[in-house]
Structure formats: C-alpha cells, structure tokens
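Written below as structure tokens is the structure these notes are about.
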Amino acid sequence: MKTIRDFDLSKKTVLIRCDFNVPMKDGKILDDTRIRKALDTIEYAMDKNAKVVLLSHLGKVKEESDKQKQTLLPVQKRLEELLKKRVIFVNDCVGEQVLEQVKKLKEKEVLLLENTRFQDLDGKKESNNDPSLAQFWASLGDIFINDAFGTMHRAHASTIGIASFLPTGIGFLVEKEISVLKSLFSAPKPFILILGGSKIKDKIGIIKKFAPKCDKILIGGAMAATFLEAEGYQVGASLKETEWIPFCKEMLKKYSSKIILPVDFRCAKQISNQEGEEKDITDLEVDDIALDIGAQTIENFKNHLKDAKTVLWNGPLGAYEFSSYKKGTKEILLYLKDEKEKIKTVVGGGDTVACAMENHLENDLYHLSTGGGATLHYLEDETLVVLEAVEKNNGSNKSQFQ
Ligand code: ADP
Ligand code: 3PG
Ligand code: MG
C-alpha cells in the first residue's frame, strides 16, 4: 500500500481527503479529534513544499437549506488555530472559483474546499461516485492522499473516485488506524471483547469474527437484554430485539464459556435522567428497563479483565447520554486506564469513543479509533472499499471513465 512517504510532494498540488465530519451544534465543533488527527499528514505535506488542497464531507446534504448547517467554515477556523497558519477557504467544492483559487495556490499553502456533499444536491454526484465529479477534483492536483479513515467504508467520488484518476496513497492517520486494527486479528491473549450499545444487528459481524479468536466476550448495553432473554430471563421492558433471539441462542450454545452477561442492572420505568434502582436480573419487573450494568456486574467484568492483554471495546455498557446511566461504562474505562501498561485497549465506535473522550481518556488508552462504521467494517472484513481502491486503481483506471 502506497503511503504519502512514497511520493515526491515538492511543488506538487496534493489533494488530501480528510474526514472532518465532526460533531457540531449551532455552528460550534463539539469534538475536534478528527481535525487534530489529520494534522500530521497536512503538516508533512506542507513541510515537503506541497500545495495542499483539503477535501471533506460534513453530515448529510439533502436539500439546499442543509448547506448552511453543513458548511465546513467552522472546520477552517479550527484548522487555522491548530496549524497556526492561514487556511484559504473556497465556499464551493466545484466550479470556476475552485479552479482559480487552486491555480493561485503557492507552496506550503493550504486550501480547504467546501463540503463535498454539497454535490449531492446535484443528483447525488458525490455519494454515487459520479465519474465526472471525481475527474473534476482529480484535475485540481497531481497526487491524491486519502487520510479520511472514518469514511473508508464509503465508495464516494471524493474517496474512491479520485483514486481512479491520480497516483494515490494513504496518509498517516489511515496508516496508524489500519496497523492497530490489523494487529487485533492476531492479538496477544487473553483477548477480551467488550460489547454494548443498543443494536445487536450492528454487532453481528464483529461477534462472528471475534468470538472464535477471543477468550471472553463481556456483554452490556441494551443488547445484553436480548442475550438474557435468550437464556430464559425475564428482562421486563428493556430494549430487546426479539428477532435476534435465535442468533443469541446459537452464540450462547457455541461459546457458552466465553460469553459473560450482566447479573444486575440499574433500572427505571422510563428512559430519563432519574436515578433508577439497582436490581438483580432475577428481580426485574415487567415494566423495568435495564439502563446500565449494576455494581456486581461491574465487579465481575473487572475480574474477567484482570489478566487481559488485549481488549477490543465497541458499544457503551449503558444509556450513557443520561447522567444516571454512565457509571458502568465509566468504571470499566477507568479500570482499563489504570491497567494501561498491561492491557492494550482499542476502542471503536462513535458513541464508545465519545464516552472515552468525555472521561478525558484520549491519551490513557492504547487506541481510540476515529472511525465508527469504518472501524466496524474493517474489523469484520479485514479490508475497506476505499483501501481496495487505493491498492487497485491508483490512477490506472483512467480509461474506465473516459
Ligand atoms: P457505538 O457508536 O460506539 O458503536 P452504538 O451506537 O452501538 O455504539 O450504541 C450506543 C447507544 O446505545 C447509545 O445511544 C446508548 O444510549 C445506547 N444504549 C446502551 N445501553 C443501553 C441500554 N441499556 N438501554 C438503552 N440504550 C442503551
Ligand atoms: C462517520 O462519521 O462515520 C464518517 O464520517 C462517515 O459519515 P457518514 O456516515 O455520513 O457517511
Ligand atoms: Mg453509535
């Protein structure tokens, strides 16, 4: 796989696809991690005297009025602060203005195009990987570097399309993400998988892939209720997915000694910030909703983690958006932080990483992935559609679109 190191960038116009799809509220960036993680690649290109053109999507753009909410302008401002340098912003991602501004670009200068998904208003050209759009973007530069790890499961014009027209490589962020996630396929044991979150459907791939490889699977979150019901427990009004009970039964039969389920929960009669009550799994009433793992389960999970060398965690163990149901996730995160020297913890999934960030653990766990869907896809398939494009196409498919 070619990386940015393999190219002579000097005096070249280098297009870098980043994933600046950061959480935003009222035009303010709530978490700038994805921007900070893109800096190594951008700064490297600047140091090598490249003219740097950045592309990214932000959110979804379905109608004209979405443009105002989904502008990359706040990202440009944050980038300027982080790079301590002017970042030229073009308030469109196609057209004359773009051509003109890119042409004027000098060595070491950085330019950010407006949200690539603005082109979705024109027949979904970005998301449907329209060849003419990809070709337009490719025409702006000499080299294409894909560093948008979080978007590597999307076959869009700005991700795989451009790679068909230009020499292409990956950036430092993608390189790091892939190397850490790949290491999980032959991770030092004991290897423990922690799963939570709301939907089993989202985790099927990861369960199937890692159940045979790992030593234990600790299950919390809403998905624990479906597993417990499959075991014959009465889980009250907890969020459960009846259609997945047969799958849970099959997994429980096949991996009976590996799968560890909660023995108690913090429950309430409705999902809100109310404190709720801790109950043993055998005591749940029909209107109880299990919203977080209980104290005994937290202890049990810590005990199972004691000898671990590797942990892969996807999905919060409780409804952590509500203050009363953060505890299970937080305690296990802090335990893994304390054991950082012994346990390599890899956290994937947008919500799970947000929990780690909320607890200021960015530098206290082995790896927090910048991908949500991309991380899960890579872990399931050991590849990503955009990675394949970088490997196979690399400017060689020009004729396909001409
Ligand atoms: P990730 O984004 O890390 O992959 P998911 O999207 O799978 O995680 O799951 C996160 C969601 O799961 C959160 O919105 C959280 O509130 C919800 N959740 C976790 N535990 C429960 C629970 N016991 N009841 C209801 N929702 C839960
Ligand atoms: C993400 O946040 O998962 C990526 O940026 C991809 O965004 P999308 O789900 O809107 O395609
Ligand atoms: Mg999520």
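The values are calculated or read from the model by the stated rules, or taken from the named source; none is laboratory data. What you see is a predicted model; the values in this text were computed from it and never measured. Note that we place each Cβ from the backbone using ideal geometry, even for glycine, and neighbour counts take in every protein chain shown.
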Scanning the range 249-277 for residues that are part of a loop (DSSP other than H, G, I, E, B) and touching a residue at least 60 places away in the same chain (Cβ under 8 Å) gives none
Could you list, in sequence order, the residues of the range 24-43 that are away from ligand 1 (no atom under 16 Å from the Cβ) and either closer than 22 Å to ASN359 by Cα or crowded, with 22+ Cβ neighbours inside 10 Å (or both)?
MET24, LYS25, LYS28, ILE29, ASP32, ILE35, ARG36, LYS37, ALA38, THR41, ILE42
Looking only at the range 346-363, how many residues end up being within 16 Å of ligand 2 (Cβ to nearest atom) and on the phi > 0 side of the Ramachandran plot?
1
Identity of the residue in the range 153-190, within 26 Å of PRO212 (Cα to Cα) and aliphatic (A, V, I, L, M), that ends up farthest from ligand 2 (Cβ to nearest atom):
ALA187
Out of the helices (runs of 4 or more DSSP H) lying entirely within the range 146-248, which hold 2 or more residues that are under 30 Å from ALA45 (Cβ atoms) and without any contact (Cβ under 8 Å) to a residue 40 or more places away in the chain?
172-183
Please work out which residue is farthest from GLU277 (Cα to Cα), limiting yourself to the range 303-347 and to residues that are of a type in the set (Ser, Thr, Tyr), touching a residue at least 40 places away in the same chain (Cβ under 8 Å) and surrounded by 24 or more Cβ atoms within 10 Å (Cβ to Cβ).
THR329
Only one residue in VAL353, VAL390 is within 30 Å of VAL235 (Cβ to Cβ) and either in contact with a Phe, Trp or Tyr (Cβ under 6 Å, 6 or more places away or on another chain) or buried (at least 23 other Cβ atoms within 10 Å of the Cβ) (or both). Which one?
VAL353
When (1) under 24 Å from ALA157 (Cβ atoms); (2) more than 16 Å from ligand 1 (Cβ to nearest atom) are applied to ASN21, the one that fails is (2)
Being of a type in the set (Ser, Thr, Tyr) and more than 20 Å from TRP137 (Cβ to Cβ) is true for just one of SER56, SER65. Which residue is that?
SER65
Is there a residue being at pLDDT 95 or above, in contact with a helix residue (DSSP H, G or I) (Cβ under 9 Å, 6 or more places away or on another chain) and loosely packed, with under 15 Cβ neighbours inside 10 Å anywhere in the range 277-294?
yes
Determine whether ASP287 is near ligand 1 (Cβ under 7 Å from one of its atoms) and either in a strand (DSSP E or B) or not hydroxyl-bearing (Ser, Thr, Tyr) (or both).
no
When you scan the range 78-116, how many residues do you find that are basic (Lys, Arg) and under 23 Å from the mean Cα position of the chain (by Cα)?
1
Within the range 350-359, can one find any residue that is closer than 16 Å to GLY196 by Cβ, more than 12 Å from ligand 1 (Cβ to nearest atom) and assigned to a loop (DSSP other than H, G, I, E, B)?
yes
Testing LEU365 on (1) at pLDDT 95 or above; (2) away from ligand 1 (no atom under 16 Å from the Cβ); (3) surrounded by 20 or more Cβ atoms within 10 Å (Cβ to Cβ), one condition comes back false. Which one is that?
(2)
